[in-house]
There are 2 protein chains.
Amino acid sequence: MNFCESLNAAWQQADSMLCVGLDPDPARLPAHLAGSPDAILAFCREIADATAPFACAFKPQIAYFAAARAEDQLEALIAHLHAAHPGKPVILDAKRGDIGATAEQYAREAFERYGADAVTVNPYMGFDSIEPWLAHRDRGVFLLCRTSNPGGSDLQALEVGGERLFERVARLAAGPWNTSGQLGLVVGATFPAELARVRELAGAMPLLVPGIGAQGGDIEATVRAGGRRLLVNSSRAILYASRGEDFARAAADAARATRDALRAAAARL
Amino acid sequence: MNFCESLNAAWQQADSMLCVGLDPDPARLPAHLAGSPDAILAFCREIADATAPFACAFKPQIAYFAAARAEDQLEALIAHLHAAHPGKPVILDAKRGDIGATAEQYAREAFERYGADAVTVNPYMGFDSIEPWLAHRDRGVFLLCRTSNPGGSDLQALEVGGERLFERVARLAAGPWNTSGQLGLVVGATFPAELARVRELAGAMPLLVPGIGAQGGDIEATVRAGGRRLLVNSSRAILYASRGEDFARAAADAARATRDALRAAAARL
């Protein structure tokens with residue numbers, strides 16, 4: 001089964017477009033977990049188990065693990081996600097991008113070491129920096145296209161031959177670069193008009209959409225712009241819904257509410 | 001001492017523009033080291049110690065360590081480089097790029113965990129993805145500008161308002177983005193005319209130049225185009241000069257030859 005088929009099955013089975021982002025900031029962990037040697041793993045595992053009924057996928061952000069010297073906890077987390085929640089893809093948010101020989105090593109890191117089902121990749125270095133990822137035929141690759149941060153406009157919104165840079169990335173990703181149907185795109189929820197434009201260019205390609213919740217993107221506008229083939233990511237609004245001992249239940253409540261809002265918006269399409 | 005001052009001192013003290021790239025491919029290690037549990041560290045340490053007399057800086061590529069589950073060896077390597085070769089900056093080649101909150105974590109990884117003196121960063125997500133790195137005032141940040149790989153042209157050579165995208169990146173990095181003098185640029189040796197153009201735009205900013213050696217860039221053309229404020233990186237041509245037990249001596253010979261060729265080219269400026 002290739003990544004797009006897995007994702008189709010995950011959407012259908014969960015009846016949800018919610019992707020739960022696992023960005024464990026050590027400074028924001030529940031007080032009763034802080035200090036334990038595998039606090040990050042324990043926190044993410046409880047969040048994942050509590051939110052799984054409402055999610056179609058998980059997206060751990062590797063930076064939080066790397067900064068905390070906790071690669072072993074990331075390995076254990078992804079192994080747990082696969083074992084406890086089969087059928088829900090794990091997207092490793094790493095935003096790597098390097099020349100071919102180095103990209104091969106990064107692909108080994110993401111797909112072999114961590115066993116991720118998909119990754120995020122930066123397109124600035126062009127197609128030969130993306131190709132080594134695609135050699136892993138059953139995995140998916142989400143290219144950064146229009147990112148959710150304010151500075152995303154600095155380069156991505158520049159005009160290149162009658163279209164903006166992010167439109168060119170979308171066009172390349174939907175066309176010549178998508179040699180094997182493994183590509184998706186990352187498009188922020190904070191720019192719904194641009195999300196709609198990417199959807200026009202990208203056809204049925206899956207879009208990973210960060211930016212709702214803490215970053216301010218609107219669910220209704222996101223679904224209207226992007227349609228049904230979305231992985232709408234929420235991280236901080238779920239992870240830090242409570243810092244008390246009830247953090248997992250609070251996270252589940254936040255995930256359910258987001259799942260429901262996404263469903264309601266999709267029903268109005 | 002800020003990073004540019006450190007780099008000025010390193011250039012002067014070493015009288016060399018050579019940066020030795022430490023990209024330890026497990027498949028290409030000397031036969032007698034392969035299989036030992038810290039083979040990567042032992043290999044890189046011997047290469048560094050042998051080539052240090054000819055180098056002004058070192059550039060470990062994190063992908064090779066991460067793919068091999070060898071972050072601890074990267075920590076030990078950088079600690080060794082600082083202890084054994086003080087005054088030679090260590091540039092962690094990581095090409096990270098993410099939204100502010102995540103970039104903070106990546107900066108902690110590179111500067112606090114690994115103790116790197118500088119890093120490489122991808123500019124696609126714009127200035128707010130670069131800013132958190134600059135909060136570490138004594139460190140340097142090399143932004144990808146014109147990369148050495150063929151696909152580097154796919155996006156970087158696109159016209160944006162009368163200049164190419166990499167020229168825009170150079171102009172931003174030399175101007176509004178360089179709020180604290182910590183920025184440098186990555187420009188491949190494989191495109192000397194474009195290196196010359198970046199030098200025009202970037203003034204005296206340090207340029208990290210990969211692409212000589214295995215990637216085919218020419219030393220003479222590189223120095224003519226880029227001038228003296230260059231970190232000219234060579235990885236594979238030095239690391240794999242021999243796979244026998246004489247690998248460190250062969251690496252030293254290759255490093256000396258490259259250093260000498262760089263000096264000769266600079267003398268003709």
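When we screen B:Ala170, B:Ala255, B:Ala202 for residues that are among the hydrophobic types (A, V, I, L, M, F, W, C) and more than 20 Å from B:Val119 (Cβ to Cβ), the only hit is B:Ala255.
Looking at A:Ala193, A:Ala241 in this structure, which one is surrounded by fewer than 18 Cβ atoms within 10 Å (Cβ to Cβ), touching a helix residue (DSSP H, G or I) at 6+ places or on another chain (Cβ under 8 Å) and modelled with pLDDT of 95 or more?
A:Ala193
Against the condition at the interface with chain B (Cβ under 10 Å from one of its Cβ atoms), surrounded by fewer than 24 Cβ atoms within 10 Å (Cβ to Cβ) and among the small types (Gly, Ala, Ser), how does A:Gly151 come out, does it pass? Answer is yes for this residue.
Can you find, within segment B:109-118, the residue that is nearest to the other protein chains (Cβ to nearest Cβ) among those that are buried (at least 22 other Cβ atoms within 10 Å of the Cβ) and closer than 21 Å to A:Ala70 by Cα?
Taking the candidates together, the pick is B:Glu109.
Hey, any hits in segment B:103-111 for a residue that's free of Cβ contacts under 8 Å to residues at least 40 places away in the same chain, under 16 Å from the mean Cα position of the chain (by Cα), part of a helix (DSSP H, G or I) and farther than 30 Å from A:Ala214 by Cα? No; the residues of segment B:103-111 include none that is free of Cβ contacts under 8 Å to residues at least 40 places away in the same chain, under 16 Å from the mean Cα position of the chain (by Cα), part of a helix (DSSP H, G or I) and farther than 30 Å from A:Ala214 by Cα. Only residues that are assigned to a loop (DSSP other than H, G, I, E, B), among the aliphatic types (A, V, I, L, M) and more than 7 Å from chain A (Cβ to nearest Cβ) were counted in segment B:119-144, giving 2. The residue list B:Gly181, B:Gly216, B:Gly175, B:Gly162 contains one member that is surrounded by fewer than 21 Cβ atoms within 10 Å (Cβ to Cβ) and in contact with a helix residue (DSSP H, G or I) (Cβ under 8 Å, 6 or more places away or on another chain), which is B:Gly181. The condition (being under 18 Å from the mean Cα position of the chain (by Cα), at pLDDT 95 or above and within 14 Å of chain B (Cβ to nearest Cβ)) is satisfied by just one residue among A:Ala55, A:Ala63: A:Ala63.
The set of residues in segment A:179-201 that are within 14 Å of chain B (Cβ to nearest Cβ) and over 26 Å from A:Leu262 (Cα atoms) contains only A:Thr179. Of the residues making up segment A:237-255, one or more are more than 21 Å from A:Ala173 (Cα to Cα), out of contact with any Leu (no Cβ under 7 Å at 6 or more places or on another chain) and among the hydroxyl-bearing types (Ser, Thr, Tyr).
Residues that are of a type in the set (A, V, I, L, M) and either at pLDDT 95 or above or in contact with a His (Cβ under 7 Å, 6 or more places away or on another chain) (or both) within segment B:196-218 comprise B:Ala196, B:Val198, B:Leu201, B:Ala202, B:Ala204, B:Met205, B:Leu207, B:Leu208, B:Val209, listed in sequence order.
Against the test of being under 29 Å from A:Ala107 (Cα atoms), of a type outside the set (Val, Ile, Thr), in contact (Cβ under 8 Å) with a residue 60 or more places away in the chain and surrounded by fewer than 20 Cβ atoms within 10 Å (Cβ to Cβ), the options A:Arg139, A:Arg229 yield a single qualifying residue, A:Arg229.
For A:Ala202, the conditions (1) hydrophobic (A, V, I, L, M, F, W, C); (2) in contact (Cβ under 8 Å) with a residue 60 or more places away in the chain; (3) surrounded by 21 or more Cβ atoms within 10 Å (Cβ to Cβ) are fulfilled apart from (2).
Could you go through segment A:24-47 and let me know if any residue there is within 13 Å of another protein chain (Cβ to nearest Cβ) and on the phi > 0 side of the Ramachandran plot. The answer is no; no qualifying residue exists.
Here A:Leu74 passes the criteria (1) in a helix (DSSP H, G or I); (2) facing chain B (nearest Cβ under 7 Å); (3) within 16 Å of the chain's Cα centre (by Cα) except the one numbered (2). Within segment A:82-97, not a single residue is surrounded by fewer than 23 Cβ atoms within 10 Å (Cβ to Cβ) and facing chain B (nearest Cβ under 9 Å). In segment B:170-269, counting only helices (runs of 4 or more DSSP H) that sit wholly within it, the ones holding 3 or more residues that are closer than 28 Å to B:Ala135 by Cα span B:192-202.
Candidates B:Glu71, B:Glu75: the one that is surrounded by fewer than 21 Cβ atoms within 10 Å (Cβ to Cβ) and more than 26 Å from B:Trp11 (Cα to Cα) is B:Glu71.
Which ones in segment A:165-178 are under 21 Å from B:Ile99 (Cα atoms) and within 11 Å of chain B (Cβ to nearest Cβ)? Correct list: A:Leu165, A:Phe166, A:Val169. Give me a count of the residues in segment A:10-50 that are of a type in the set (A, V, I, L, M) and over 17 Å from the mean Cα position of the chain (by Cα). The total comes to 10. Take segment B:119-161 and flag every residue that is of a type in the set (Gly, Ala, Ser), more than 15 Å from B:Gly188 (Cα to Cα) and at pLDDT 95 or above. Across segment B:119-161, the qualifying residues are B:Gly126, B:Ser129, B:Ala135, B:Gly140. Could you give me the residue pairs with C-beta distances under 9 Å whose first residue belongs to segment A:159-180 and is farther than 22 Å from B:Met125 by Cβ, whose second residue is in a loop (DSSP other than H, G, I, E, B) and polar (S, T, N, Q) wherever it lies, and which are 6+ apart or on separate chains? As it stands, the answer is A:Ser180/A:Asn2, since those pairs meet every condition given.
The values are calculated or read from the model by the stated rules, or taken from the named source; none is laboratory data. Keep in mind that this is a model prediction, so the values were computed, not measured. Cβ: placed from backbone, ideal geometry, glycine included. Neighbour counts: every protein chain shown.
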